[in-house]
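The values are calculated or read from the model by the stated rules, or taken from the named source; none is laboratory data. This structure is a prediction, so every number in the text was calculated from the model and none was measured. Virtual Cβ from ideal backbone geometry, glycine too; neighbours counted across all protein chains shown. Surface areas here come from the heavy atoms of the whole protein model, side chains and all, with no ligands, DNA or RNA. Shrake-Rupley method; radii C 1.70, N 1.55, O 1.52, S 1.80 Å.
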Amino acid sequence: MTSPHTLADRQYDFWADAAADAVEERVESGKEIVIKGGISPSGVPHFGNMNELMRGHFVAEVLRERGHEVRQVFTTDDRDPLRKLPRKLADLDGNIVGLGEVDASALGTNLGKPYTDIPDPFGCCHSYGDHFSEIIRQSAALLDIDLDIRSNTDLYESGGFEDVTRHILAHADEAREILAEYQDKVDESYVPFNPICAECGTVTETVTSIDAAAGTVEYRCTDIEAGGQTIEGCGHEGTATLRDGKLPWRFEWPAQWQTLDVDFEPFGKDHAEGSWPSGEHIARDLLGNEPPVPMVYEWFTLDGEAFSSSAGNVVMVSEVLELLEAEVVRYFFTKDPKRARDFSIERLDQLVDEFDRFERLYFGEEDGGETETARAERAYPFVTDPDPERIRIPYTFAAVLGMTDDDDLRATMARRSGHLPEGASDEQVERALGRVEKARAWAVRTDNEYNYRLAEELPEVAFDDATTNALADLAEYIETEQPDGETLHEEIFETARDHEVDVGEFFTAGYRLFLDEEQGPRLGPFLAALDRTFVTERLRLRG
């Protein structure tokens, strides 16, 4: 299998350029280029599923930059049978729920049936498959991906797959021989077609005879293995047309390439080690077609654990965008797809800091290594529209600003800290402060050190004379010296010692005054971020 990452020993600043070069070598001049991804809508379409969407999107954008007409297609393999009950589901508003919160009986009684023949447990879409395909559509739109979603069920029912299915069945012996090179237990009775039983609706596997010319198969509904259990067949014997069933995946994938005229497809390493080699073989030797340019990507994990719709370890695109700007999300996917990574909700501040540096490198506002600077200069315009006048408030500081709901106070604190220039326009200020709500949502979701609320009125407190005098002296110091956060943090220690106040109790006094809590974020940087007059008045126990 060829890799589009390094061609002709050339190093690329952005991996999507390597893929685009490989695609250009494959296609004829003037042809519409088709980039494909796909998913079986078995459960919650999660952030990990965006790998194929975003990888394909960047390659499409590079090719469009070069003047090509490009269409990005995404197939939903919605004629696959439901093999087991997922632990979690999601409504169209992005709320993840357990099976107990929906009509789960509609799923339990339909194991073995195609996703598009199973009722939507939320009752809002035509079927289970349609429901999760709609979430994929919504997720792509949230990330500004222009996507042509194609349903496998529609392709079968409309006859889109009929010619390629007929060809495969007409050459069933050859198909069987190819598959036997990649898969055990392929005996002489194997037929690469799974009819849908007209009696019970399950996807069955026992074809007793083929009439490729007529486009029909005879079948018997027998037991199938699904999700570690046996789904009993009803025993019905009947005739199915090529529109009344589906190809097994190893044949369905190359059938998609032929039917949709696919030129490029990214996919995970599981396919690279499994169905890609057989699909490539089937495409060339059985169907007589050149397979698309492949690009294998590594999976990424969610807080150290594998994404899993069935196990419920998921986060949706809509959830992620409550915590991050879309451009930060897109930046995540500019990274080398060959490296495994972790998407950590706990450490989103680090990802945002990376993006902010990436952006500064592009604008020449920060010095970096030759490689990372070249990558930023090449990839950044595909992440967002470059705006040299943009203002980025550091994510953790935005989380501090999120401790108050007062927009004016937020702006004042940001100016005091130097993160909002005095001459910034109202529009710039509004856009810069847009990060605050996302950082606040992150603090709340992870319950981290920024998950506090500023006490905007003086809490009911009572301190001894030594503590009261120490607080007053600290106010005087802040008023006179106007220290930065680290300097102020050290001064809090010194002031406590000078007044013979227990250091821990003095910090607790500060937290009580400003947060009405016993603990909080690092006190010096936190107080330095606040309005100076507000801080000094509060330290003097006034308002």
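Got the relative contact order for the range 292-379 handy, in percent, Cα pairs under 8 Å and 6 or more residues apart?
The normalised contact order for the range 292-379 reaches 31 percent.
Report the full-extension gain for the segment GLU505 to THR222: residue separation times 0.36 nm, less the Cα-Cα distance, to one decimal in nm. Kindly include the intermediate steps, with their values, before the conclusion.
Details: separation 283, 0.36 × 283 = 101.88 nm, distance 7.38 nm.
Roughly 94.5 nm would be gained on extension.
Using only Cα atoms and rounding to the nearest 10 degrees, what angle (0 to 90) does helix 348-362 make with the longest principal axis of the chain?
Between helix and principal axis, roughly 90 degrees.
So, R0 is 25 Å and r is the distance between the beta-carbons of GLU199 and ARG137; what FRET efficiency does that work out to, to 0.05? Intermediate values should be presented prior to the final figure.
Numbers: r = 33 Å, r/R0 = 1.33.
Calculated value: 0.15.
Rounded to the nearest 0.05, what FRET efficiency is calculated for VAL186 and GLU346 with R0 set to 51 Å and r the Cβ-Cβ distance?
So, using R0 = 51 Å, E works out to roughly 0.65.
Please report the base-10 log of the normalised intensity I(q)/I(0) for the range 318-366, using a Debye sum with one equal scatterer per alpha carbon and no solvent, at each q in 0.23, 0.25, 0.27, 0.31 (1/Å).
-0.92, -1.04, -1.14, -1.27
First measure r as the distance between the Cβ atoms of ARG284 and GLU422, then evaluate 1/(1 + (r/R0)^6) with R0 = 60 Å and state the FRET efficiency to the nearest 0.05.
The computed FRET efficiency comes out at 0.35.
How far, in nm, would the chain grow between GLU157 and ASP387 when pulled straight, counting 0.36 nm per residue and subtracting the alpha carbon separation? It would help to have the intermediate numbers written out before the result.
Details: separation 230, 0.36 × 230 = 82.80 nm, distance 4.76 nm.
Full extension from GLU157 to ASP387 adds 78.0 nm.
Can you give the extra length, in nm with one decimal, that the chain gains between ALA214 and LYS31 once fully stretched, where that is 0.36 nm per residue apart less the Cα-Cα distance?
62.5 nm
Can you give the % of DSSP beta bridges in the chain that are antiparallel, to the nearest 5?
50 percent
Under 5 Å between amide H atoms, partner at least 5 residues away or on a different chain: which partners does MET295 have, H built in plane at 1.01 Å?
Counting only residues 5 or more places away or on other chains, the set is GLU265, PHE267.
Which angle between 0 and 90 degrees, to the nearest 10, do you get for helix 128-142 versus the longest principal axis of the chain when only C-alpha atoms count?
50 degrees
Between THR241 and ILE96, what is the spin-label point distance in nm, taking each point 7 Å from the Cα along the Cα→C-beta axis?
So the label points at THR241 and ILE96 sit 4.2 nm apart.
Which cross-chain or sequence-distant (5 or more) residues have an amide H under 5 Å from the amide H of THR206, H modelled 1.01 Å from N in plane?
Those qualifying (amide H under 5 Å, at least 5 residues apart or on another chain) are ARG220, THR222.
How high is the relative contact order of the range 143-203? Use alpha-carbon pairs under 8 Å, at least six apart in sequence, and give a whole percent. Show your work: numbers first, answer last.
Details: 24 pairs, mean separation 12.5, N = 61.
Value for the range 143-203: 21 percent.
Over the range 99-201, what number does the Rg to Rh ratio reach, with both radii from the alpha-carbon atoms and Rh per Kirkwood?
1.07
If DNA, RNA and ligands are ignored and the probe is 1.4 Å, what is the ranking of LYS438, LYS88 by accessible area, most exposed first?
Ranked from most to least accessible, the order is LYS88, LYS438.
On the protein heavy atoms, probe 1.4 angstrom, tell me the percent of accessible surface of the chain carried by carbon and sulfur.
In the chain, the share of accessible area belonging to carbon and sulfur is 41 percent.
With every protein chain left in place, what is the accessible area per residue of the chain in square angstrom, probe 1.4 Å?
44 Å²
What does the convex hull of the Cα atoms come to per residue for the range 134-255, in Å³?
141 Å³
Please list log₁₀ I(q)/I(0) at q = 0.11, 0.17, 0.19, 0.21 Å⁻¹ for the range 1-147, using the Debye equation with identical point scatterers on the alpha-carbon positions.
Evaluating at q = 0.11, 0.17, 0.19, 0.21 Å⁻¹ gives log10 I(q)/I(0) of -0.53, -0.91, -1.04, -1.19.
With a cut-off of 8 Å between alpha carbons and a minimum separation of six or more residues, what is the relative contact order of the chain in percent?
Dividing the mean separation by the residue count of the chain yields 12 percent.
Take the chain, compute every pairwise Cα distance, and split them into 10 Å bins from 0; I just need the percent in each bin.
Going out from 0 Å in 10 Å bins, the chain shows 3, 15, 22, 20, 15, 11, 8, 4, 2, 0 percent.
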